[in-house]
Amino acid sequence: MRDNLFVRINGDSNNVDWIVSNKSRSKTPRHGTLSDLKKISTNKRVILIVNGCDVLLCKTNIPTRNKQRLQKAIPFALEEYLINDIDNQFFALANTNSANQQEVAVIERSTLDALINLLSEHNIRAELAIPEMLLLPLSVQKIEAAQDTWLITSTGDKSIVRTGRYSGFCIDNNNIETLLENYLPTSDKDKDNDNILKQIIYIQTRSESKSNNSQDNPWQLAAKQETNLLVREFPAELLTLYARSFSDASSINLLQANNKKQERRNIQWKQWKVAAIAAATLLCVQAIFFGFKYKDMSNEYSQLKKESRKLFKQAFPNARRFVKMRLRMKNALARSGNSSGEPRASFIALLGLTGNTIKNIKSLQLATINFRRGELNVHFTVDQANKIDILEQGLKRSGLIVSRGASSKTSRGYTGVLRITGKGNP
């Protein structure tokens, strides 16, 4: 599981606090710039801590649990409580199980966009943005269920207050006295009022302990009005408290709209994932098939080229170059057919009539065939001498004029030469 990286931007990119944390431990908080943060943000879940003074936590009663309807109805239900135009606000919904009541976090779009853009400029992507009030621990004195108990801590000149699971606020320390006038009991009758504050749990962190005495904290006024004030020491920095207290189930993510878009993209990808895998597999099979086919055709081409070269060499024994054999063969045939001024068809006719007779002599093996000045010269070998006579007579019966050359006996049989000069009378 990835570590959580809590980031708090204090105005600009050069004034940033962060801490790396997981379920078992938290590291020491660091201070630096976003450029420094970029180096350690890889493979971590970035959680942006949003200033509580920029966020309004409230609730409203809308009789529906449909998220789309809630998103449309909530801005108008809260419009009278907001100073600025609702179109300039972003409304983030809490994951509540209530049938009618809905907790909401409201923030200026421009404020949230400025923080996200500042991170994006340094290639840092925040997955969550949590109001700092909701990072105080719910487990202290069961504040989640208590309606008359506030959990408080201070940092600088402001105090962060958590009043419930999804409720709380941030207040300037100079205005605490005015705020308490509305919540502290002023008479015995007020003590029975459900809205009266009965207990304050003040968490004093290490940084506040250095600058303030617990007896001088701004909430000491509540103790003077018979409100129970409990001070709890936390032996670490405020950022460490936030990291240890964080819980997804009790927080409102101000980036939930962006996360929903990402979830929709993930769902769409999962829907098309099987089809994409099948298509990729089919392409791989086709590529393998065409690879084997190409290899077979390459081998066949090489074999045909080898046979063509052999035939070319037999037809033109004096040839030394075998470039453009097809063109050279065509030109040679054209020249041989027109060398005596006769039409090209005469060579073809002689070759055809000669071939019809030669194929009847099974043991005949051709050595060379050439055509010069209208005369077809055939050099061959047969196993018996009388077959030369049979071949000669067969050609004459085909109407050809045949002149027999010298023959001789060799180890392979009897060699002979026939000169065919034209068509005679059958």
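Quick notes
- The set of residues from the range 13-34 being within 11 Å of residue 244 (Cα to Cα) and either among the small types (Gly, Ala, Ser) or outside any loop (DSSP other than H, G, I, E, B) (or both) comprises 19, 20, 21, 24, 26.
- The combined condition, being in contact (Cβ under 8 Å) with a residue 24 or more places away in the chain and not in a helix (DSSP H, G or I), is not fulfilled by residue 118.
- One residue stands out in the range 200-233 among those that are assigned to a helix (DSSP H, G or I) and in contact with a Ser or Thr (Cβ under 8 Å, 6 or more places away or on another chain): the one that is modelled with the lowest pLDDT, namely 208.
- Test: residue in the range 49-67 that is without any contact (Cβ under 8 Å) to a residue 40 or more places away in the chain and under 34 Å from the mean Cα position of the chain (by Cα): yes
- For the range 184-196, the condition of being of a type in the set (Gly, Ala, Ser) and at pLDDT 85 or above holds for none of the residues.
- Enumeration of residues in the range 83-95 that are closer than 17 Å to residue 70 by Cβ and more than 34 Å from the chain's Cα centre (by Cα): 86
- One residue from 406, 367 being more than 60 Å from the chain's Cα centre (by Cα), part of a loop (DSSP other than H, G, I, E, B) and surrounded by fewer than 16 Cβ atoms within 10 Å (Cβ to Cβ): 406
- The range 234-278 - residue that is assigned to a helix (DSSP H, G or I) and at pLDDT 90 or above and, of those, nearest to residue 55 (Cα to Cα): 242
Matching residues to (1) in contact with a Phe, Trp or Tyr (Cβ under 8 Å, 6 or more places away or on another chain); (2) at pLDDT below 90; (3) assigned to a helix (DSSP H, G or I):
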site	(1), (2), (3)
36	no, no, yes
57	yes, no, no
64	no, yes, no
68	no, yes, yes
80	no, yes, yes
83	no, yes, no
87	no, yes, yes
98	no, yes, no
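The values are calculated or read from the model by the stated rules, or taken from the named source; none is laboratory data. What you see is a predicted model; the values in this text were computed from it and never measured. Positions of Cβ are generated from backbone atoms using ideal geometry, with glycine treated the same way; all protein chains shown enter the neighbour counts.
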